[in-house]
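To keep things clear, I will list the structure first and then write my remarks on it.
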Amino acid sequence: MHTIQNVLKRYSTWIWHVLAPLGPWGVLAFAAVDGSLMGMPLDAIVAGYVYNNPRGLLFYVLLASAGSALGSSVIYLIGYYGGEKVLRRRISEERFERIHTSFEKHEFWALMFPAMLPPPTPFKLFVLAAAIFEMRFRDFLAAIFAGRFVRFLLLGILTVKFGPQFVQLTVDVFKHHFRWILAAVSLGIVVYLIFRRRRDRPAETPRLESE
């Protein structure tokens with residue numbers, strides 16, 4: 001355990017050494033790398049920037065959200081040009097059809113929702129699915145940006161209030177209770193969509209009975 005902690009400490013030191021010359025734009029670059037093919041501890045980086053400069057919270061959140069959307073474009077291109085075989089090898093046929101159905105009904109929410117959740121959410125699978133199911137690129141970028149914005153904004157606010165150690169606490173909670181959290185959030189979104197559909201439904205005009 002002591003050896004693992006030393007490796008993580010050196011890894012974090014190396015990351016901050018690379019980001020230092022980039023200033024706040026390091027958040028954008030790091031988020032783009034994380035959004036493409038290489039997973040990185042993005043939450044910890046965003047929390048570190050926010051903790052060191054709370055006044056820049058919104059700026060860091062915008063940069064991280066934009067970087068994630070841009071970086072995910074790499075996976076979008078892979079999926080668009082033949083990624084279905086890759087996705088089918090990674091997940092079961094039942095789950096593939098379930099994701100397909102979600103994108104057919106509510107493609108924006110089907111991508112924004114996973115973008116809001118931290119690891120271990122298999123977010124890149126949903127990015128790949130969005131391209132395979134031919135989601136419009138404009139909507140693709142908007143959904144990821146919106147989801148990441150919500151995620152990083154909450155992360156930033158909680159980091160300012162509780163400190164950067166909140167990131168590790170969140171990761172631990174999601175790892176041990178991921179299914180319950182996923183079910184609760186999914187239920188909340190379903191309730192919201194039902195409420196919205198009823199609210200937007202045009203009121204029926206009462207018919208006058210002829211005398």
Going highest first, how would you order 89-101, 135-147 by mean Cβ packing within 10 Å?
135-147, 89-101
Phi angles of region 27-36, converted by Karplus (6.51 cos²θ - 1.76 cosθ + 1.60, θ = phi - 60°) into ³J(HN,Hα) in whole Hz with x for Gly and Pro, give 4, 4, 5, 5, 5, 5, 5, 5, x, 7
So, R0 is 30 Å and r is the distance between the beta-carbons of Lys85 and Val150; what FRET efficiency does that work out to, to 0.05?
0.40
Across region 84-91, in residue order, what do the Karplus-derived ³J(HN,Hα) couplings come to in whole Hz, using 6.51 cos²θ - 1.76 cosθ + 1.60 with θ = phi - 60° and x for Gly and Pro?
4, 4, 5, 5, 5, 6, 8, 10
Could you give the length gained by full extension between His106 and Phe137, i.e. 0.36 nm per residue of separation minus their alpha carbon distance, to one decimal place?
9.6 nm
For Ser36, distant residues with modelled amide H under 5 Å away:
none
Just to verify a number: FRET efficiency for Leu158 and Met38, C-beta to C-beta distance, R0 = 25 Å, to 0.05?
0.45
Please list 3J(HN,Hα) in residue order for region 114-119, calculated via the Karplus relation 6.51 cos²θ - 1.76 cosθ + 1.60 where θ = phi - 60°; whole Hz, with x for glycine and proline.
x, 5, 7, 8, x, x
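Readers should treat all values here as calculations from the given coordinates under stated rules, not as data from a laboratory. Quantities reported herein were computed from a predicted structural model and do not represent experimental measurements. Cβ: placed from backbone, ideal geometry, glycine included. Neighbour counts: every protein chain shown.
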